[in-house]
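The next block holds one structure in the form of structure tokens; read it before the comments.
The values are calculated or read from the model by the stated rules, or taken from the named source; none is laboratory data. Computed from a prediction, not measured in an experiment: that's the story for all the values here. All Cβ positions, glycine included, derive from the backbone under ideal geometry; neighbour counts span all protein chains shown.
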């Protein structure tokens, strides 16, 4: 009899002594077996716990001696910064795109990384924001500004009025005001009312400010006259005022004396949100003695003044201007003397642009070496174009949006004109050319006399 069969028997009947004794022995043996099993389970569990502790200790030891644990905090911070670098080589914090990514998530790895991230202001002081009435962006911006500590700030805010409405309240520009003393670069792509409100609330000039860029959808001339933004901006080098729209109604820009800007220290100037007269442009260039690049919108002269004094801008390398009329263009460049000029870009609202002879006169009296030239050009092929290209032998980039004669095309293709030309954009017999190979291909289909061959 086994313990199982004994258990299945009718326990209500009295058992013989022999069977009762036998069952008692079976129960005793089963208890001993269970005790042995319990001891073995405890021994196995103890060994397993010891093994788990050993594995954990190995992991902790591996983490402790891992290469990144031995790196100094400064090097880890450099690595974090490198992970956020943009195409310009600097770390940039994109809002709201960076939500759920760098640098916010770096603080979730471990306490050491979090401490490094919170103590590295370079991860937080270059902020680029795309704002479309999102409620969480102001909170993210506030936190980033707090984490930037006392580092200089570069802030760019993009909020297109056509999406948000020209009168929608944008809280972001005014959030900058408490930190304005740390501003190094500021770019606002917002509605004109937002720009006007920001400038009117500025109570002090940011001493560290080097670059300021405003894109607006309206005029801000009056606010420019009254703002304290530029009063003591001793480091300001770039002033860029632009219009969101390609063309805005005619508006006359105030003269240099009316706007409290340290003109003499500027190296880059772009006033393209309103038209100015040639005379106003000349006065600006006279006071901007260190200017290297500039862009203007030139309107017709209000007084019909013919400039007589030469306007010398000794360091100007790049000049870009858009004009309402060809006569305004001629009036603008007539007194200019630009010995360092290497790039010129002329645009016109009329069908024809500046004549080649006018531009040639500027180049000859300035004795400059042009390498980039973009112009609308006259409405018909001009023999002065050959003389112009002969005067710029180092030109590499050429764009002329008017017809070129066959003779000029042949001379360009054979490197008799503009031998260093690499990029070209023009029209020959109504056919667009966008590289030097296009010019050579068209020249191959022409006879020496300029007649087009038939395929």
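Take residue 362 and tell me if it is in contact (Cβ under 8 Å) with a residue 24 or more places away in the chain, in contact with a strand residue (DSSP E or B) (Cβ under 8 Å, 6 or more places away or on another chain), within 20 Å of residue 293 (Cβ to Cβ) and in a loop (DSSP other than H, G, I, E, B). It is false that residue 362 is in contact (Cβ under 8 Å) with a residue 24 or more places away in the chain, in contact with a strand residue (DSSP E or B) (Cβ under 8 Å, 6 or more places away or on another chain), within 20 Å of residue 293 (Cβ to Cβ) and in a loop (DSSP other than H, G, I, E, B).
Between residues in segment 104-117 that are closer than 20 Å to residue 92 by Cβ and residues that are part of a loop (DSSP other than H, G, I, E, B), which pairs lie under 7 Å by C-beta distance while being six or more apart or on different chains? Pairs that qualify, where the first residue is closer than 20 Å to residue 92 by Cβ and the partner is part of a loop (DSSP other than H, G, I, E, B), are 104/98; 117/103. In summary, residue 397 fulfils each of the numbered conditions (1) out of contact with any helix residue (DSSP H, G or I) (no Cβ under 6 Å at 6 or more places or on another chain); (2) at pLDDT below 90; (3) within 13 Å of residue 426 (Cβ to Cβ) with the single exception of condition (2).
Considering segment 412-455, the residues that are in a helix (DSSP H, G or I) and more than 23 Å from residue 346 (Cβ to Cβ) include one that is modelled with the highest pLDDT, namely 413.
Right, residue 391: at pLDDT 85 or above, in contact with a helix residue (DSSP H, G or I) (Cβ under 8 Å, 6 or more places away or on another chain) and surrounded by 15 or more Cβ atoms within 10 Å (Cβ to Cβ) or not? Considered against the rule, which asks whether it is at pLDDT 85 or above, in contact with a helix residue (DSSP H, G or I) (Cβ under 8 Å, 6 or more places away or on another chain) and surrounded by 15 or more Cβ atoms within 10 Å (Cβ to Cβ), residue 391 comes out as yes. All told, residue 404 meets the bar of being more than 34 Å from the chain's Cα centre (by Cα) and crowded, with 17+ Cβ neighbours inside 10 Å. Evaluate segment 52-72: report whether one residue or more is assigned to a helix (DSSP H, G or I) and at pLDDT 80 or above. So far as segment 52-72 goes, yes, one or more of its residues are assigned to a helix (DSSP H, G or I) and at pLDDT 80 or above.
Go through segment 298-354 and report how many residues are modelled with pLDDT under 90 and either surrounded by fewer than 18 Cβ atoms within 10 Å (Cβ to Cβ) or assigned to a strand (DSSP E or B) (or both). Result for segment 298-354: 22.
For the residues 102, 94, the requirement of being at pLDDT below 85 and surrounded by 13 or more Cβ atoms within 10 Å (Cβ to Cβ) singles out 102. Need pairs with beta-carbon distance below 8 Å; first residue within 15 Å of residue 321 (Cα to Cα) and within segment 251-280, second part of a loop (DSSP other than H, G, I, E, B) and modelled with pLDDT of 90 or more; sequence gap 6+ or separate chains. Matching pairs, first to second residue: 268/237; 268/291; 268/292; 269/288; 269/291. In summary, helices (runs of 4 or more DSSP H) completely within segment 105-223 and bearing 2 or more residues that are in contact with a strand residue (DSSP E or B) (Cβ under 7 Å, 6 or more places away or on another chain) and either surrounded by 19 or more Cβ atoms within 10 Å (Cβ to Cβ) or at pLDDT 85 or above (or both) occur at 137-147, 172-175, 192-201.
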